[in-house]
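> Sending over a structure as structure tokens; questions will come in a sec.
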Amino acid sequence: MRVAIGSDHAGYQLKAHLRDWLHAHKIDARDVGPDSFDPGDDYPDFAHAVAESVLHKECELGIMICSTGVGSCIAANKIAGVRAALCHDPFSARMSRLHNDANVLCLGANVIAPGLAEEILSVWLDVGFSGEPRHRRRIDKVTRLERSDKD
């Protein structure tokens, strides 16, 4: 599995921690930036890079980290075909994959500690989409909403 991971300045340390955690668990992590801490980094730039990596199938999944995860989630969800989920607990992480087929996980570095972030990420990566018709139907409706926005 290949996973894109990015952050803004507020999420930089947690990104580095989780990137190393992914490598330790034999998961190919593509770091889309930033390469160093810069207080001027803006979350939309890196959320876009993570989302595009997933959309263009360079990576199967993506992870984006900012201060709260909220801005990153909003930005990533502007990319049609991306289903970003803000998760600060393992249950939400599990359900975002199982029911919503989320393909980008957003985390808040100022909201959760590294140990909890590892637990959330582990659950999120281990759970796949259920494929149940009711969940597929709902995702199809979201996809139609994305398309209707372009009309």
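> Does region 46-103 hold any residues that are closer than 19 Å to residue 120 by Cβ, of a type in the set (D, E, K, R) and part of a loop (DSSP other than H, G, I, E, B), and which are they?
60, 83, 89, 101
> Considering only region 1-20, state which residues are in contact with an Asp or Glu (Cβ under 7 Å, 6 or more places away or on another chain) and surrounded by fewer than 17 Cβ atoms within 10 Å (Cβ to Cβ).
1, 2
> So, of the residues in region 21-46 that are farther than 18 Å from residue 119 by Cα and hydrophobic (A, V, I, L, M, F, W, C), which turns out to be surrounded by the fewest Cβ atoms within 10 Å (Cβ to Cβ)?
37
> In region 111-142, how many are part of a loop (DSSP other than H, G, I, E, B) and surrounded by 13 or more Cβ atoms within 10 Å (Cβ to Cβ)?
Going residue by residue through region 111-142, those that are part of a loop (DSSP other than H, G, I, E, B) are 111-113, 127-132.
Filter again for surrounded by 13 or more Cβ atoms within 10 Å (Cβ to Cβ), leaving 111-112, 127, 129-130.
Residues meeting the conditions: 5.
> Exactly one of (1) within 22 Å of residue 148 (Cβ to Cβ); (2) exposed (fewer than 15 other Cβ atoms within 10 Å of the Cβ) is unmet by residue 76. Its number?
(2)
> Using the structure shown, decide if residue 58 is among the acidic types (Asp, Glu) and under 13 Å from the mean Cα position of the chain (by Cα).
Numbers: among the acidic types (Asp, Glu): yes; under 13 Å from the mean Cα position of the chain (by Cα): no.
Taking the combined requirement at face value, the residue does not satisfy it.
> Kindly list, by first and then second residue, each pair from a residue in region 74-93 that is farther than 19 Å from residue 46 by Cβ to a residue that is of a type outside the set (A, V, I, L, M, F, W, C) and not in a strand (DSSP E or B), limited to pairs with Cβ atoms under 6 Å and residues at least 6 apart or on different chains.
90/119
> If I filter region 47-57 for residues that are closer than 15 Å to residue 2 by Cα, of a type in the set (A, V, I, L, M, F, W, C), surrounded by 20 or more Cβ atoms within 10 Å (Cβ to Cβ) and touching a Ser or Thr at 6+ places or on another chain (Cβ under 9 Å), do I get at least one hit?
Yes.
> Moving to a separate point now. Of everything in region 1-40, what is part of a loop (DSSP other than H, G, I, E, B) and out of contact with any strand residue (DSSP E or B) (no Cβ under 8 Å at 6 or more places or on another chain)? Give them in sequence order. Break it down stepwise before answering.
Going through region 1-40, the residues part of a loop (DSSP other than H, G, I, E, B) turn out to be 1, 8-11, 25-27, 34-40.
Residues satisfying the conditions are 9, 25, 26, 35, 36, 37, 38, 39, 40.
> While we're on this one: Across region 1-27, what is the number of residues that are within 14 Å of the chain's Cα centre (by Cα), of a type outside the set (A, V, I, L, M, F, W, C) and closer than 16 Å to residue 67 by Cβ?
Total satisfying the criteria: 5.
Values in this text are rule-based calculations from the coordinates and carry no lab data. Just so it is clear, the model here is predicted, and its values are computed rather than measured. Don't worry about glycine lacking a Cβ; one is built from the backbone with ideal geometry, like all the others, and counts go over all protein chains shown.
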